[in-house]
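The values are calculated or read from the model by the stated rules, or taken from the named source; none is laboratory data. These numbers were taken from a predicted model, which means no experiment stands behind them. All Cβ positions, glycine included, derive from the backbone under ideal geometry; neighbour counts span all protein chains shown. Surface areas here come from the heavy atoms of the whole protein model, side chains and all, with no ligands, DNA or RNA. Shrake-Rupley method; radii C 1.70, N 1.55, O 1.52, S 1.80 Å.
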Amino acid sequence: MDKRNQALIIIDVQKAFDDKKWGERNNLHAEENISEILTLWRGKGWKVIHIQHMSDNPDSVFHPKNAGFAIKKLVEPTAEEVVITKKVNSGFIGTNLEEYLKQNDISTVVIAGLTTPHCVSTTTRMSGNLGFNTYLISDATAAFGMTDQNGTYYDAEVIHNVSIATLHEEFAIIITTEQLVNELS
């Protein structure tokens, strides 16, 4: 891992995901792991980028007028940290994320956030495709259970694990919080 030119990207760690509408979730410690990584990152003085999902629909839990739009206190950005809002799953689409990374000579990104099969995996895929050395922290993300087009339900752990497996070695290097902390300490 290139320790000089790296950034931590925290995706959609927002109060909206506390809403009961999402159902069963795996990895209830994801936010704590993200907070641990964030504390380490801040201590090293490295770049932190927060991605925040924003919906134009006033009924959405992600609409700026709703409480769910707020980033959770555990990982709340400081005044020095970059906050980028997005309206689609990828942190790169319709934002200046790629431009910011290139302008700051960042070649390595470490990704954590919510949720694994949606915004985390989409941003991770694009990061890898754009040529960034991409690390995804497997226990610093989480998923919710889902039902497919045939009515088959998949629990949150299965969704999470399959999502991680589809990213492994093709789009990102998958490591845990502990592995990351050990490598950077």
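Taking θ as phi - 60°, what are the ³J(HN,Hα) couplings along region 130-143 by the Karplus curve (6.51, -1.76, 1.60), each to the nearest whole Hz, with x for Gly and Pro?
Those phi angles translate into 7, x, 7, 6, 10, 10, 10, 8, 4, 9, 10, 8, 8, 10 Hz.
What is the sum of charges, Lys and Arg at +1 and Asp and Glu at -1, for the other residues whose Cβ falls under 9 Å from the Cβ of Ile51?
0
According to a simple spin-label model (label point 7 Å from Cα along Cα-to-Cβ), what is the distance in nm between Leu28 and Leu184?
2.6
Within 12 Å, Cβ to Cβ, of Asn104, how many net charges do the neighbouring residues add up to if Lys/Arg are +1 and Asp/Glu are -1?
Result for the neighbourhood of Asn104: 0.
Name the residues whose placed amide hydrogens come within less than 5 Å of the amide hydrogen of Gln14, ignoring near sequence neighbours (fewer than 5 apart) on the same chain.
Amide H neighbours of Gln14: Lys72.
How much solvent-accessible surface does His29 expose, in Å² to the nearest 10, with a 1.4 Å probe and all protein chains in place?
Accessible surface of His29 is approximately 110 Å².
So which helices of the chain fit the span-like rule, where a helix is a whole DSSP H run, its Cα atoms reach 15 Å or more along the axis, and its mean Kyte-Doolittle is at least -1.0?
Both cut-offs are met by 30-44, 156-167.
Rank Ile37, Ile111, Ile93 by mean-square fluctuation in a GNM of the chain with C-alpha springs under 10 angstrom and give only the top-ranked residue.
The residue that fluctuates most here is Ile93.
Using the Cα atoms as the points, what is the convex hull volume per residue of region 28-165 in Å³?
129
If I take every Cα pair under 8 Å that is 6 or more residues apart in region 10-125, average their sequence separation and divide by the length, what percent do I get for the relative contact order?
For region 10-125, the relative contact order is 32 percent.
Over all directions, how big on average is the projection of the convex hull of the alpha-carbon atoms in region 128-185, in square nanometres? Don't jump to the answer; show the numbers that get you there.
On the way: hull surface 19.4 nm².
Result: 4.9 nm².
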